[in-house]
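Note sheet for the following structure.
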Amino acid sequence: MVTDSAAGSPGREGPRKRARLVGVLGIVVVVAVGLFCGWYFGWRDEARGVVRAGEMCRGLPRGTATAETLNRVLPRSSAYDFQERTYDVDPASRDYQTVCVVADDAHEELLRATVDTLRSLDPGALEGRVWQKGERDKDYDRPEAGISAKVNTWTAMILVPCTPGEKGDSEPTSLHVSLLLGRPLQVSDREARSTLLSMTEALARQAHADAKCVLPSRLPVG
């Protein structure tokens, strides 16, 4: 004799198999989506580009230390492009201006380094020069460097004395040295401030020497 229970088993087994199949397919879909997301947001990235000292603009601090710093802190990119927008160095006329832009593989500006001659030794000449973009971080420090200095997580600026005024002949001059980010550095806020300041100090020392400034730079010993 066949019982009702035995007769009904095949009917109940069908839904259970379908449920197991749906569960397995669900797991496969989740894993596949995870793999795709990993590939799309990271694994598919090309190898990170390498900054080499010999490829940098003249408007950046020279040497391997700067290249090593940029390799450590810049946002990831398959290549880095150094664009020397301006390099006008004429100590005889006391004019000095350099602009170096570092861009990524999508031509997006990552960093801009600028040195300008100002006809002033007034600490107030530092304010407002490139600070609009830097104001995204309102919490800035005023380190002791040059005539005046300012740094946050987006920018660092130092005003460095260069030449004294001569009676009835010329005005005193200073060098306005700045680094401004287009995108945040890939480090903590504290390290971003420290990195921007140390690089700006190095650039200020270099510009002070190249411009043949006669006034002491008032910069920390590097």
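The values are calculated or read from the model by the stated rules, or taken from the named source; none is laboratory data. Because the structure is predicted, anything quoted here is derived from the model rather than measured. Here Cβ is always computed from backbone atoms with ideal geometry, including for glycine, and neighbour counts include all displayed protein chains. Accessible surface areas use protein heavy atoms only, side chains included; no ligands, DNA or RNA. Shrake-Rupley method; radii C 1.70, N 1.55, O 1.52, S 1.80 Å.
Mind checking whether some residue in the range 136-144 is crowded, with 20+ Cβ neighbours inside 10 Å and either in a strand (DSSP E or B) or modelled with pLDDT of 95 or more (or both)? Please lay out each step first, then the result.
Pass one, the range 136-144, residues crowded, with 20+ Cβ neighbours inside 10 Å: none.
Within the range 136-144, not a single residue is crowded, with 20+ Cβ neighbours inside 10 Å and either in a strand (DSSP E or B) or modelled with pLDDT of 95 or more (or both).
Pairs only if they're at least six apart or on different chains, beta carbon under 6 angstrom, first in the range 167-196 and farther than 22 Å from Glu108 by Cβ and assigned to a helix (DSSP H, G or I), second of a type in the set (S, T, N, Q) and open to solvent by 70 Å² or more (accessible area, probe 1.4 Å); list them, first residue then second.
Taking only residues 6 or more apart or on different chains, not a single pair turns up.
Kindly establish whether Val221 is part of a loop (DSSP other than H, G, I, E, B) and under 23 Å from Cys100 (Cα atoms). Can you show your working first?
Working: part of a loop (DSSP other than H, G, I, E, B): yes; under 23 Å from Cys100 (Cα atoms): no.
So Val221 fails the test.
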